[in-house]
Amino acid sequence: MARALRTLCFALIGLIAAGFASAHAASAATRACSRPSVVNGAKARLVVKEGSLFGCVRVSRRAVLVKGPQDDYGYWRKPRLAGTFAALELVLDYKCRTVDIQVTNLRTGVSRTFRAGSSSYVSSAHGCDNYGSPTTDMVLRSDGAIAFIAGDEVVRGTGGGKIVILDRGPTVDPTSLGLTRSGLVTWWSDGRPRSAVLPWRDAVAQRDSSTRLR
């Protein structure tokens, strides 16, 4: 009997501790969402707390960690919002340099990362890969589909975390990306307008139909 009581007491203590931890996490999330916005949208906001980037969906006021603290070697930049999705550029600059694009569903916390273009080479000095180019333009749709210009390439991300090169060359206008309601991504190249389909199936969260454009 005494052993059963001790077991029950330990179980209750564990439940109480878990409850306090959950309440503390919820409180921390609420505090993060009370901070000023760095990017403000109709359905969500992006805020910074202690160097980390959080997304706050306005309906739930729940904070989702988008990216952790920055340091001298790894940092994020160019954050943006569309609906309840966030995108940003990630740079890792230690021995070798990599550039990625991350898209995060702020409702679920699920993220996908895409290489910022096809540029890639191995550093003979450090034996590691350098890849990606800084983006000069980026469009994010409210279902999480993304396209961007990195270096001289027009790129779109896919649902599998891969990239598709839509156009490349020195005549690509680096700041000409646009997005139509019909699902086309547009840009200028060689002095002429170009366009390509940005498929709905390439969204980060295919099942969250509430985030799709109406």
(request) Check cross-link reach from Lys49 to the aspartates and glutamates: straight Cα distance under 17 Å, and skip same-chain residues fewer than eight apart. (result) Asp71
(message) Report D for segment 66-164 in µm² per second (integer): Stokes-Einstein, Kirkwood Rh on Cα pairs, 20 °C, 1.002 mPa s.
(response) 156 µm²/s
(request) Return the tail of the calculated pair distribution for segment 35-211, meaning the percent of Cα-Cα pairs more than 27 Å apart. (result) 27 percent
(message) Can you compute the FRET efficiency between Cys128 and Ala42 using 1/(1 + (r/R0)^6), with r the Cβ-Cβ distance and R0 = 41 Å? Round to the nearest 0.05.
(response) 0.50
(message) Taking the alpha-carbon distance from Lys95 and a cut-off under 13 Å, which aspartates and glutamates remain once sequence neighbours fewer than 8 residues away in the same chain are dropped?
(response) Asp72, Asp129
(request) Beta carbons within 10 angstrom, averaged per residue: use that to sort the peptides 166-175, 133-142, highest first. (result) 133-142, 166-175
(message) Placing +1 on the Cβ of each Lys and Arg and -1 on the Cβ of each Asp and Glu in segment 35-211, which of Gly169, Val57, Val197 has its Cα farthest towards the positive end of the resulting dipole?
(response) Val57
(request) Return the sequence-ordered ³J(HN,Hα) values of segment 103-113 in whole Hz as given by the Karplus equation 6.51 cos²θ - 1.76 cosθ + 1.60 applied to θ = phi - 60°, using x for Gly and Pro. (result) 10, 10, 7, 6, 7, 10, x, 6, 10, 10, 10
(message) 5 Å is the cut-off here: which amide hydrogens, built 1.01 Å from N in the peptide plane, fall below it relative to Arg62, excluding neighbours closer than 5 in sequence?
(response) Val57
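Throughout, read-outs are computed from the coordinates displayed, never taken from laboratory work. Quick caveat: nothing in here was measured; it's all calculated off a predicted structure. Neighbour counts run over all protein chains shown; Cβ positions are idealised from the backbone, glycine included.
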